[in-house]
Amino acid sequence: MVTNRVKAKTKEDRLCSMCEKPFRPRFPGFLLCYKCWRLKRDQAMEAMEEKVRTAEARAKAAEERARLLSRMREVVPDPRLPCVEEWSGMVMRLVKLCHPDHHENSRESNDVCRWLLQQRKRMSAG
């Protein structure tokens, strides 16, 4: 069986486990040549930096979400619009004005009165 592996030149030389080229390790436990070790180290550093960037982006998104939620909770009603109590009071006055009993039980007065009562119910529920 023929292999493409290059043999170590001397007893001290070792074959790199990545590129399979011979190298002389500085310490007995080294398995990679310096070039492969640097490549592997750089790849690990890039992966770590990407994780940090991702974590920072997630943290920034969470902060933005919290900021937007707090702004949504702080929504101040428009002072030009009447408050719910004013609306419900006005609705009751309008119901009295357009009640079907005052308009010979007409279809229009029934529809308007029904709509006004639905609006009052929606305002008190909301």
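Quick notes on this structure:
- Our coupling estimate for region 98-112, obtained by passing each phi through the Karplus curve with A = 6.51, B = -1.76, C = 1.60 and θ = phi - 60°, is 10, 4, x, 5, 8, 10, 6, 6, 6, 4, 4, 5, 5, 5, 5 Hz, Gly and Pro reported as x.
- Electrostatic bookkeeping for R58 treats Lys and Arg as +1 and Asp and Glu as -1; over the other residues with beta carbon under 13 Å from its beta carbon, the sum is 0.
- A straight Cα-to-Cα reach below 17 Å connects K40 with the aspartates and glutamates E20, E49, E50, residues fewer than 8 places away in its own chain not being considered.
- Of the solvent-accessible surface of region 20-79, computed with a 1.4 Å probe over protein heavy atoms with every protein chain present, carbon and sulfur atoms account for 60 percent.
The values are calculated or read from the model by the stated rules, or taken from the named source; none is laboratory data. This structure is a prediction, so every number in the text was calculated from the model and none was measured. With ideal geometry, Cβ positions are generated from the backbone for all residues, glycine too; neighbour counts draw on all protein chains shown. Please note that ligands, DNA and RNA were not included when accessible areas were found on the heavy atoms of the full protein model with its side chains. Shrake-Rupley method; radii C 1.70, N 1.55, O 1.52, S 1.80 Å.
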